Amino acid sequence: MIQLEQVTKTYPKASRPSLDDVSVSIDKGDFVFFIGPSGSGKSTIIKLLLHEITPNSGKVYVNERDVTTMRSWKIPTFRRSIGCVFQDFRLLPNRTAYENVAFALEVIGKSKGVARRVVPEVLELVGLGGKEHRYPHELSGGEQQRVAVARAFVNRPLILLADEPTGNLDPDTSIEIMRLLDRINRTGTTVVMVTHDSNIVNQMRRRVVEIESGRIVRDQPRGVYG
Amino acid sequence: MRAKYVLSEVVTGLWRNVTMTIAMMITMAVSLTMLGASMLVYKQVDRMQSFFYGKVEVSIFLKTDVTEAQRTSLQSDLKGDPLVQNVIYESRDTAWQRFKTQFKDAPDLVNATKPDSLPESFRVKLKNPEKFQAIYNKYNNRDGISEIVDQRKLLAKIFGIFNSMQNVALIVSIIQGVAALLLVANMIQIAAYSKRREVAVMKLVGASNWFIQAPFVLEAVFAGLVGAVLAFAALFVAKTFFLEGALKSLQTVFPPIPTGDVLLMLPILAGIGAAVNAIAGWITLRFYVRV
């Protein structure tokens, strides 16, 4: 499903590579944590998978497609098979929960009718039934992240990328979001999560890939934060 | 649905920076007005050239002491000349009458001129107006001729003035055009900044590039079209109220610009305004804002 082969990425003007000869393989339906200190290169992996950046060397395969050689006009369609959530939610402040999720459908050409059918369903799934018409500022942090998860998942992507999704949330709310991601994982969606929240990693007991200074130092099934 | 979305984005986009939008429409309008004026003058000079050069004559002024024999022989030679289409003799009296009507607004000048101070002349129309030099060489040395004048030379001066007018209009148009393009780039940068969240989400969920870019480009195109309509209105007003109103007396030298020519400017200016703004907008997005 996802494969990195000897990937090296050095940002311009950086003294050392963010990722240094990294190889990792993730199967369909996996749930993987990428952990490590700030600046270790975890988030660079997310950016590579989204084709926001290209590696200096090595290959990145997502859904059996070589992302590194993908033509730029194919990227939008490619991204429709990937959902993404971030630490800062990235919701549109002037749209309601419903409109935020519907927006993601409408801008890729889905009709309003499809949105009317699918959006309440997915909002129900993330536990926001009844709060469809609240604006982000009327929702708690955890609820906002649920909206973001709903938006990422509404298109039924094969892969869900989560870049520190609990970074702005308190421990209890974080657990709830993790339960949600776990539920999504059980539908067959591959989940890749970057975090340095040790509590969560230890509770979930899923595969853990630890990165330090751009290198993989540990890759353990059912791992802990360590 | 998508078309509706794009259109509503265009409208909100234009409203969001309404002062900017107006500034850019005005600049665009001035630029296109100048461009249109330049094109109209160009066509007009073309038309005037064929109009006047068709009528243009060579004037052969005779000396005051010309003899009857010299005059008759000159006239018959001119009539028999293969280069000449026809010859009209203008006596001193006719010249005087013409002078009086031509300067009827300046009685002082008419009073100060004696009827016999104007020379008699032959008005010679050539088969080919370019052949002035041949006529000149042929007749210049004959007795009784004081001067041979090519009216084309006089016209050339007038057309020179029109040509420089046209060039000035073109230069102003280009300078304003550059200003308009910079405003387009600025407008799109502001629009992209105020929509950066939406754009980020759209890119994240995989909206196609044209879908993200279309509202911005269409905003610029719309502003260009409005500029073109304003420019067309300005040209039309200039024609009806200026050239055919205040400056009506000039029409003997400057024939009226046909309405069809002015009407033709609407599609031309609209096309240029829209295309230029679309390209400028797209380049800004592609290489500058990287939307």
Taking R0 as 35 Å, what's the FRET efficiency between B:Asn141 and B:Tyr89 from their Cβ-Cβ distance, rounded to 0.05?
-> 0.95
On a 0 to 90 degree scale, rounded to 10, what angle separates helix B:209-237 from the longest Cα axis of chain B?
-> 30 degrees
With axes computed from alpha carbons, what is the tilt in degrees of helix A:141-153 against the longest principal axis of chain A, rounded to the nearest 10 within 0 to 90?
-> 80 degrees
Under the Karplus curve 6.51 cos²θ - 1.76 cosθ + 1.60, θ = phi - 60°, whole-Hz ³J(HN,Hα) for the range B:270-277, x wherever Gly or Pro sits = 4, x, 5, x, 5, 5, 4, 5
Can you give the charge dipole size of chain B about its Cα centre, rounded to the nearest 20 debye, using +1 on the beta carbon of Lys and Arg and -1 on the beta carbon of Asp and Glu?
-> 1100 debye
For chain A, state the average projected area of the convex hull of the C-alpha atoms over all orientations, rounded to one decimal in nm².
-> 12.2 nm²
Rounded to whole Å and sorted largest first, list the principal axis extents of the Cα atoms in the range B:67-129.
-> 43, 28, 12
Each label point is 7 Å from the Cα along the Cα-to-Cβ direction; what then is the distance between the points at A:Asn202 and B:Ile283, in nm?
-> 6.0 nm
Got a sec to turn the phi values of the range B:115-132 into Karplus ³J(HN,Hα) couplings, 6.51 cos²θ - 1.76 cosθ + 1.60 with θ = phi - 60°, whole Hz, x for Gly and Pro?
-> x, 9, 7, 8, x, 7, 7, 9, 9, 10, 9, 8, 5, 10, x, 6, 8, 4
What average number of partner chain Cβ atoms lie no more than 10 Å from the Cβ of the residues making up A:72-83?
-> 3
For A:Thr54, list long-range residues whose amide hydrogen, built 1.01 Å from N in the peptide plane, is under 5 Å from its own amide hydrogen.
-> none
State the antiparallel share, in %, of DSSP beta bridges confined to the protein assembly as shown, rounding to the nearest 5.
-> 65 percent
What is the magnitude of the charge dipole of the protein assembly as shown about its Cα centre, with +1 placed on the Cβ of each Lys and Arg, -1 on the Cβ of each Asp and Glu, and no other charges, expressed in debye to the nearest 20?
-> 780 debye
Beyond 17 Å, what share of the Cα-Cα pairs of the range B:170-291 remains, rounded to the nearest whole percent?
-> 64 percent
In terms of the alpha carbon gyration tensor, root eigenvalues a ≥ b ≥ c, rounded if a/c is under 1.5 and otherwise prolate when a/b exceeds b/c or oblate, the range B:1-55 is oblate
Isotropic mean projected area of the C-alpha convex hull, chain B (nm²) = 21.5 nm²
Between the Cα axis of helix B:68-80 and the main Cα principal axis of chain B, the angle (0 to 90°, nearest 10) is 50 degrees
Kirkwood-based Rg over Rh for the range A:6-118 (C-alpha set), two decimals?
-> 1.02
Set the Förster radius R0 to 45 Å, insert the Cβ-Cβ distance between A:Ser81 and B:Ala233 as r into 1/(1 + (r/R0)^6), and round the FRET efficiency to 0.05.
-> 0.30
Of the lysine pairs in the range B:64-143, how many meet both conditions: Cα atoms under 19 Å apart, and a spacing of 8 or more in sequence or different chains?
-> 8
Per the protein assembly as shown, sqrt(5λ) over the Cα gyration tensor eigenvalues, sorted largest first, in Å, gives 84, 24, 16
Measure off 7 Å from each Cα along the Cα-to-Cβ vector at A:Ser57 and A:His137, then give the distance between these two points in nanometres to one decimal.
-> 5.1 nm
For B:Lys63, the residues 5 or more places away or on another chain with a placed amide H closer than 5 Å to its own amide H are B:Ile145, B:Ser146
Between the range A:38-55 and the range B:1-75, the alpha-carbon center distance in angstrom | 59 Å
Rounded to two decimals, the Rg over Rh value of the range B:25-165 from Cα coordinates and the Kirkwood Rh reads 1.12
Residues whose built amide H sits under 5 Å from the amide H of A:Thr68, excluding neighbours closer than 5 in sequence, are A:Val60
Order A:Trp73, B:Trp210, B:Trp282, most accessible first, counting only protein heavy atoms with a 1.4 angstrom probe.
-> A:Trp73, B:Trp210, B:Trp282
Want the number for B:Asn128 to B:Ser73: 0.36 nm per residue separation, take away the alpha-carbon distance, what's left?
-> 17.5 nm
So what are the ³J(HN,Hα) numbers for the range B:135-152, from phi and the Karplus equation (6.51, -1.76, 1.60; θ = phi - 60°), rounded to whole Hz, Gly and Pro as x?
-> 4, 4, 4, 5, 10, 4, 8, 6, 6, x, 9, 8, 7, 10, 10, 8, 5, 4
Bridge type composition, chain A - antiparallel percent by DSSP, nearest 5 = 45 percent
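The values are calculated or read from the model by the stated rules, or taken from the named source; none is laboratory data. What you see is a predicted model; the values in this text were computed from it and never measured. Note that we place each Cβ from the backbone using ideal geometry, even for glycine, and neighbour counts take in every protein chain shown. Accessible surface is based on the protein model in full, side chains and every heavy atom, while ligands, DNA and RNA are left aside. Shrake-Rupley method; radii C 1.70, N 1.55, O 1.52, S 1.80 Å.
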